[in-house]
Every structure is written in C-alpha cells, then in structure tokens.
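Q: Take a look at the following structure, please.
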Amino acid sequence: MDAASRPAVVIDNGTGYTKMGFAGNVEPCFITPTVVAVNDSFSSAPAPAARGAAKGNWLAQHSAGVMADLDFYIGEEALARSRASSTYSLSYPIRNGQVENWDTMERFWQQCIFNYLRCDPEDHYFLLTESPLTAPETREYTGEIMFETFNVPGLYIGVQPVLALAAGYTTTKCEMTGVVVDVGDGATHIVPVADGYVIGSSIRSIPITGKDVTQFIQQLMKERGEHIPAEESLDVARRLKEMYCYTCSDIVKEFNKHDREPSKYIKHWNGIKPKTGTKYSCDMGYERFLGPEAQPIEVNVVSHPIQRYAVWFGGSVLASTAEFYEIYIIDSIAISVLLVQAF
C-alpha cells in the first residue's frame, strides 16, 4: 500500500505540550506534555563512539523488540515516574519554542510514533511544526532525524502561525492573511501573515508566556500559605489556571461581584500528596483577578473554537489536501537545498 494512500502523521511539538494524530481528524489523538523521564543509570552509561551508533535505528530496534522502553518515558507517564522514583530525571527537549536537546527530542519522537500513534514511519508522510523564528539549522537537524533514523517517505515542516490560520479552512470564509498572536507555554510571538507567507521582518516576540502565568499563580498560592506539596505546586497552579482563570473586561466589576457573593465565586481544589497519600485542599478567589485586564482597544479578535490545538488542526487540514503531496520534501538533501534557496 502506497504511503500517499495513508493519512499523514501530524505532530505539533510545543514547549509545554505536543499534539499528535493523523491528517483528516478534527482533534489530535494524543495531547501530552513535552517532557522525557530518563533513568539516571541508563543516561550515565558510556556513550557509543559513533554518533550513528548512539542514535541507532529506532525502527530496527523496535521491530526486533530490543527497545529500552523501561529506561525512558514521555508525557504524563514521565511526570508520574519522576514523582514516584528518584532514579528518573526529567528532561525538556524544547525551551522557548526551540529544540535544545536533540537526543532527547529524538527519543520523544520515537515514543510518539511507536508507542502512541503505533504506526510504521516508513508508511506515512509526516507534517511537523516549527516556531516562526526557528533557525535553518534546526530544520536540517529535524530532516536528518526523520529521514535517516525513521526513514519517512516525505516530510513537510509548517510554521505554526500559518497553520493556525489554515485551521479556518473548515469555515465558509478562510483568509490566510492576518496577525496571529501565538501565546505558548514557552514563547509568545506576534506574527503577520500575508496570503499564507510570514512577514519575517515584522515578527515580534514578547517575554511573557503561559508558563510565566502559571508560575505567577504558584507564587500567589505560596504567599497565601497554601499547604501544597512542593513537587505538586506547579502542576496544581497549571490546572487551576486552565480550569478557572480568565481575562476580565472590567476588573472593578469583578472585585465588586466577588465581594458581594464570595462563596459563589471561590473555587476549591482538592488533591492527594503523592508521597504520604494524605489529602490537601486550597481555594482560589481574588487571585483570579490579579492579572491585567483587557485594554480598551477595539480589535477584531477571531478566536478559533478549538484554539488549544488550532495549529495541529491546521496541519491536519493541510495534510488532507492533494496539494500537500506536491510540496513535501522527500529527503534531507532537499531540505538543505531548500534552505539555501530561501536564504
């Protein structure tokens, strides 16, 4: 069966989360934290002399059943392993939207392909995403891993803000021109796009990200004296942010509303300490209103109904079109040539 007759694999790697699935689907099959837990005894073992031996061929090892699956985990399982055992250390391959550890990134992709999506990379074209300020060398490294390690038949690397605009293809009117405000866990970019092309000279970055908001909430809870285990505090702050926090249009009205009926608007969180098994709880009230309110500027804001994974969905839409199979790259040499032509 030809690879073009199978749905392409779409993977959107972000600093905080990775969305993965197959082209044509409305939602990704898996959304998992972009983190790897590595067994310290395994990571401290002597490294092979050759880079190729160090990387290995994931497909051959997986087929032979000799993968060291017990030595590293990804996503929620990685976080659980690190909390349960001190022999596992966490490694975040992507920081501020850029890949920092390629060995860890390769392991992460291996688990995504074989253990999550459970597909043979040789039988599917791949669409990956990248930050708008990604260096050309990063694209080359990505192509090298995908073609030489996973033997994919074709690869397309899309810019995340452009794919976010492409997510509007399912609406009656889709415009590939606009300004995309991409607020991620590790990077925030304002990207102007004209007819599907990024205006690189006008890209702006803001040093405030989703993780900063999470850490701000974590600090507020610490100042209040909430008895949350240290190893759980960041995760609890993130969950509280995602479940209860929002941007208010009038902060004075929000405070007045809270003062009139505090019991109605206070949110409670209950958890269990992982080490002792004892229960704990905390509440959120005024903290939800300590962020800056929206400024009185009239802007036509278009919020995608599934904006959490709009980039992935845009990639799913693009990889479902006939044009996708005309623009993918078939080997890593072509990626290098493409970069030379572009720059």
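The values are calculated or read from the model by the stated rules, or taken from the named source; none is laboratory data. Note that the coordinates shown come from a computational prediction; the quantities given were computed from them, not determined experimentally. Ideal geometry is used to build each Cβ from the backbone, glycine not excepted, and the neighbour counts take in all protein chains shown.
Q: Would you confirm whether any residue within region 32-48 is at pLDDT 80 or above, part of a strand (DSSP E or B) and under 16 Å from TYR309 (Cβ atoms)?
A: Checking region 32-48: at least one residue is at pLDDT 80 or above, part of a strand (DSSP E or B) and under 16 Å from TYR309 (Cβ atoms).
Q: Here is a follow-up. When the residues of region 99-131 are narrowed to those that are polar (S, T, N, Q) and more than 15 Å from TYR156 (Cα to Cα), which ends up surrounded by the most Cβ atoms within 10 Å (Cβ to Cβ)?
A: Ranking the qualifying residues of region 99-131, first place goes to GLN110.
Q: Then there's this: Across region 159-175, which residue is nearest to the chain's Cα centre (by Cα) among those that are modelled with pLDDT of 80 or more and assigned to a helix (DSSP H, G or I)?
A: Taking the candidates together, the pick is GLN160.
Q: Only one of (1) in contact (Cβ under 8 Å) with a residue 24 or more places away in the chain; (2) surrounded by fewer than 17 Cβ atoms within 10 Å (Cβ to Cβ) is not met by MET176, so which one is it?
A: Evaluating MET176 over (1) in contact (Cβ under 8 Å) with a residue 24 or more places away in the chain; (2) surrounded by fewer than 17 Cβ atoms within 10 Å (Cβ to Cβ) leaves (1) as the failure.
Q: I'd like to check something: does region 79-87 contain any residue that is under 29 Å from GLU137 (Cβ atoms), touching a strand residue (DSSP E or B) at 6+ places or on another chain (Cβ under 7 Å), modelled with pLDDT of 85 or more and surrounded by fewer than 21 Cβ atoms within 10 Å (Cβ to Cβ)?
A: No, region 79-87 has no match at all.
Q: Scanning for something closer than 27 Å to ASP235 by Cα and buried (at least 20 other Cβ atoms within 10 Å of the Cβ), does region 145-159 turn up at least one residue?
A: No: zero hits.
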